[in-house]
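Report on the following structure.
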Amino acid sequence: MIRAFGFLTVVGRSTPPDGSTLEWFPLIGAIIGLVVGGVWYGSEHLWPRGPAAALAVAADLAITGMLHFDGLTDTADGVLPHMESARRLSVMSDPTIGAFGLAVAVMVLLLRWTSFAVITPNVLLIAGIWCASRTVMAVTVRIVPYARDGGGLASRFISTRRWIAVGAIGILSSFGLGILADRGIGALAIGVVFLTGAAVVAFCRVRLGGFTGDVLGAAGLLAETMGLLLAAAKW
């Protein structure tokens, strides 16, 4: 658990992950969601909804050290442009951000901010969505091949054996939190998180031949954003 907390947050980031780290992803995701939701809830008692929403988005970026956000921009630059398949992984390894990564980053930040701004603060809903996004990452590692031949940071997770139990616990926990938060809407939001995450991973598998650490981050972040967007809809 300590390794997972250190990997997914800025607390103890120097701790290297191992095969058991992935087993704690759903729980750590829920904890991060509780913190982000708590910042969101508390901020609304001090500021209007706009600034409170911005603080919630900023809190998530700060807690995660922008780990997933960096993966989102790298993945967008690698899988969205028209280029030879062999070049995509090398483009994703480039530390600079391109036009595709910048455009997707701006769009995602705007969607997250505006969604937070119109939803009534609900800590359990955020915990459920964040738990679901990390569950997507955990399951992806076990059912999708790794794209890089030479290995990478995410390849250290592949030895996880109890992935079925981890996936089942993550799914049940996230849906449970969503239902407790807002019954039908909460459950729908969690369902959209899983569907979006699966769609992003499937698209990246076609373009890259598998997943990378950047793909995991992109899938999780886009899944969370779509979950928030659904919760913000006019029902």
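No value in this document is a laboratory result; all are computed from the given coordinates. Just so it is clear, the structure is predicted and the values come from calculations on it, not from any experiment. Glycine gets a Cβ as well: all are built from the backbone with ideal geometry, and neighbour counts include every protein chain shown.
Annotations
- When all alpha carbon pairs of the chain are counted in 10 Å bins from zero, the resulting P(r) reads 9, 35, 37, 17, 2, 0 %.
- Using the Cβ-Cβ distance between Met1 and Arg205 with R0 = 22 Å, the FRET efficiency computed as 1/(1 + (r/R0)^6) comes to roughly 0.15.
- Neighbourhood charge, 12 Å Cβ-Cβ cut-off, centred on Met83 and excluding it, Lys, Arg +1 and Asp, Glu -1: +1
- In terms of surrounding Cβ atoms within a 10 Å radius of their Cβ, Cys131, Cys204 rank from fewest to most as Cys204, Cys131.
- 5 angstrom amide H check on Tyr146, placed H, neighbours 5+ away: Phe211
- From helices alone, the chain scores -24500 deg cm²/dmol at 222 nm; the rule is -39500 (n - 2.57) for each run of n ≥ 4 DSSP H residues, then divide by the residue total.
- For Phe100, the shell of other residues with beta-carbons less than 11 Å away shows a net charge of -2, using +1 for Lys and Arg and -1 for Asp and Glu.
- Among complete DSSP H helices in the chain, those whose alpha-carbon atoms stretch at least 20 Å along the helix's long axis and whose mean Kyte-Doolittle hydropathy reaches -0.5 are 25-43, 49-64, 99-118, 123-143, 163-208, 213-231.
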